[in-house]
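I have placed the structure first, in the form of structure tokens, so that the comments after it can refer back to it.
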Amino acid sequence: MSHGVEVLTAGAERAGRWTAVALGASIPVSVALDNVLLLAALVCYALGGSYREKLAAIKSNPVVIAALALFAMLAAGTLYGPATSGEALHYLGKYLDLLFVPVFAWSLRGAGDRRNAVITFTAVLLVVLFFSFAIALGALPPNRLMLGSAGNPVVFKEYLTHNVLVALGAFLFCELALASTSRQARLLWGGCAALAAVNILFLIPGRTGYLVLAALALYLGFQLARWRGFAAAGALLIALLAALYAVSGPFQQRVDRALDEYSSWRPGEAAAVNNSVGLRLEFHANSLALFGDRSLAGVGTGGFPRAYAEKVRGTAMVATSNPHNEYL
């Protein structure tokens, strides 16, 4: 290998690692910057050499294999179903991120690089939390760079994405607290986790954040002490939710509204358009029926909107292209 090629591959390898780390800063802030960094990461991976080692790394990593196998199944799904070729390719494109799993598994294979990526991500999430609380308290007036208002103090993302990112941040803050060796650091990261939870539970509208936060709390308990930890985390969650329901007006209102929407839904009947929970249950029930009809092959990649529209044809139900199945 010539010296020039060695310099190129070494530079691409190094740039690929730092591009992966930089994504930790861009993900909570800018989709456009995410896309630029993803393209840069792919180019660096392609130019970085060590192709035999990369192939061996793919073969030895079950997560990478699963991601590539899922994408291959989705690609095969474009060959059949009611979707047009354009629709099928459009939906397949939504899963291109799966092809980046081997890229980042390689770029972040070093413990130091993974640590840098986590630190970068958590640092930016702390900035997001600071701005969110500042917006909520009226200390930061509305501006063109941020989306939020006092009643909905999101920062760079809409409330659904904000909630998911901050819930993940709470989990990472807990991880950092547990890994810290000093009492001061444990208290600092524990306090950050508590602030993230407060942000989700009291400041940002939407209930998805509650579910993500609860799921990550259960996972953390399982991670610490397997099923005993899972049970302890579950008991703690139940106690915490009961206390929040008793003392927090906004939390109680959101829970009561969800329960009212659930109780007003009737299987087989069209849910009211303002019934968020009822619509999701309707989508869920009809999607399960579609799955039961074609449980092995499905309706092809991108075929869901047409298949669902056919399923609800002749009823008052909404023909959706999005079954809101994130919970599954």
*Top-ranked residue of region 98-141 - restricted to ones that are in a helix (DSSP H, G or I) and among the charged types (D, E, K, R), ranked as farthest from the chain's Cα centre (by Cα)*: Asp113
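Here are some residues: Ala56, Ala83, Ala67. Which one is within 30 Å of Arg294 (Cα to Cα), in a helix (DSSP H, G or I) and among the small types (Gly, Ala, Ser)?
Only one candidate qualifies: Ala67.
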*Would you check which residues across region 8-58 are of a type in the set (Val, Ile, Thr) and in contact (Cβ under 8 Å) with a residue 12 or more places away in the chain and list them?*
Thr9, Thr19, Val21, Ile27, Val29, Val43, Ile58
*For region 142-152, state whether one or more residues are modelled with pLDDT under 95, under 18 Å from Ile204 (Cα atoms) and not in a loop (DSSP other than H, G, I, E, B).*
yes
*Return the only residue of Val166, Val198, Val127 being at pLDDT 95 or above, more than 30 Å from Ala57 (Cα to Cα) and out of contact with any helix residue (DSSP H, G or I) (no Cβ under 7 Å at 6 or more places or on another chain).*
Val127
*asked:* I need the full set of residues from region 69-102 which are surrounded by 14 or more Cβ atoms within 10 Å (Cβ to Cβ) and either on the phi > 0 side of the Ramachandran plot or free of Cβ contacts under 8 Å to residues at least 40 places away in the same chain (or both), in order please.
replied: Phe71, Gly81, Tyr95, Leu98, Val101
*Would region 244-251 turn up any residue that is of a type outside the set (A, V, I, L, M) and loosely packed, with under 13 Cβ neighbours inside 10 Å?*
yes
*Residue check for Glu261: surrounded by 14 or more Cβ atoms within 10 Å (Cβ to Cβ), more than 24 Å from the chain's Cα centre (by Cα) and among the acidic types (Asp, Glu)*: yes
*Being surrounded by fewer than 15 Cβ atoms within 10 Å (Cβ to Cβ) and in contact (Cβ under 8 Å) with a residue 60 or more places away in the chain is the filter here, so list the residues in region 273-309 that pass it.*
Ala297
*Please indicate, with yes or no, whether at least one residue in region 218-227 is among the aromatic types (Phe, Trp, Tyr) and loosely packed, with under 13 Cβ neighbours inside 10 Å.*
yes
*Exactly one of (1) at pLDDT 90 or above; (2) assigned to a loop (DSSP other than H, G, I, E, B) is unmet by Gly206. Its number?*
(1)
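The values are calculated or read from the model by the stated rules, or taken from the named source; none is laboratory data. Since this is a predicted model, take the numbers as computed values, not measurements. So basically every Cβ, Gly included, is an ideal-geometry build from the backbone, and we count neighbours across all protein chains shown.
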